[in-house]
Amino acid sequence: MAELGIREPMLVKDVMSSPTITIPEDQSADKVAVLMGRHDIGAVIVTTKDERPIGMITERDIVTRIVARDMQPSKLTAREIMTTPLITIDPEETLNEAARRMNRLNIRRLGVMYKGKLVGIISSKDVVAIMPELIEIIQEKARIGNEIIAGGLERPLLAGYCDNCGQWFNDLREVEGNFLCEECQIELGKEE
């Protein structure tokens, strides 16, 4: 059992969508749109004939590369409208890393690859969807911490300079507004 306040970080594999909807690179762009509509998704992964992922097509790609240019989707292939290269992440990476990578690259989705195989897709929407749960965890942790302090069970240890002797310690305790090391607490008769 994990100690209070210590929680394993959430990983990409915990929230990614799987299986991933793919389309061969030689399929027409109109089939991409049909596939997105049928599965109610905003992106598909484009693969080679041997099913190796090489790119991604998003709703935005369809709008900017087909509709905005007044092109005929039936005359374009998935390869011609995809965004490449496919930016990927390992399923064992943390959600923090996934969010940082998406933010840094100004993208909303990452392919999830494990041992050279496409195993899923993660979007910024997937990351945002777990935010209410994370906020609840943070609030619960703060509530428990306040109960422990208010209940007098134990005050947290702090690192810093002792207000009495001036030495650095990793285990100061607050006593009547002063931060004291264990020796100074004993010396001043203020040990709790």
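The values are calculated or read from the model by the stated rules, or taken from the named source; none is laboratory data. Given the structure is predicted, the values throughout are model-derived calculations rather than measurements. Because the Cβ atoms are built from the backbone with ideal geometry, glycine has one as well, and the counts that use them run over all protein chains shown.
Computed values, structure above
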| read-out | value |
| --- | --- |
| Test for Val128: is it of a type in the set (Val, Ile, Thr) and outside the structural domain of Pro53 (by TED's automatic domain parsing) | yes |
| Check on Thr20, within 28 Å of the chain's Cα centre (by Cα), under 26 Å from Glu133 (Cβ atoms) and among the hydroxyl-bearing types (Ser, Thr, Tyr) | yes |
| Matching residues, the range 36-76, being among the aliphatic types (A, V, I, L, M), under 27 Å from the mean Cα position of the chain (by Cα) and either part of a helix (DSSP H, G or I) or loosely packed, with under 13 Cβ neighbours inside 10 Å (or both) | Met36, Ile62 |
| Matching residues, the range 66-100, being among the polar types (S, T, N, Q) and within 30 Å of Met131 (Cα to Cα) | Thr83, Thr84, Thr88, Thr94, Asn96 |
| Those residues of the range 101-147 which are in contact with a Gly (Cβ under 7 Å, 6 or more places away or on another chain) and either at pLDDT below 85 or of a type in the set (Lys, Arg) (or both), in sequence order | Lys141 |
| Qualifying residue in the range 85-92 (condition: out of contact with any His (no Cβ under 8 Å at 6 or more places or on another chain) and assigned to a helix (DSSP H, G or I)) | no |
| Tally of residues being assigned to a loop (DSSP other than H, G, I, E, B) and either more than 21 Å from Arg52 (Cβ to Cβ) or without any contact (Cβ under 8 Å) to a residue 24 or more places away in the chain (or both) across the range 5-35 | 6 |
| Tally of residues being under 30 Å from Val44 (Cβ atoms) and either at pLDDT below 90 or over 13 Å from the mean Cα position of the chain (by Cα) (or both) across the range 1-17 | 3 |
| Meets criteria (surrounded by 16 or more Cβ atoms within 10 Å (Cβ to Cβ), of a type in the set (S, T, N, Q), farther than 29 Å from Glu136 by Cβ and under 28 Å from the mean Cα position of the chain (by Cα)) for Thr83 | yes |
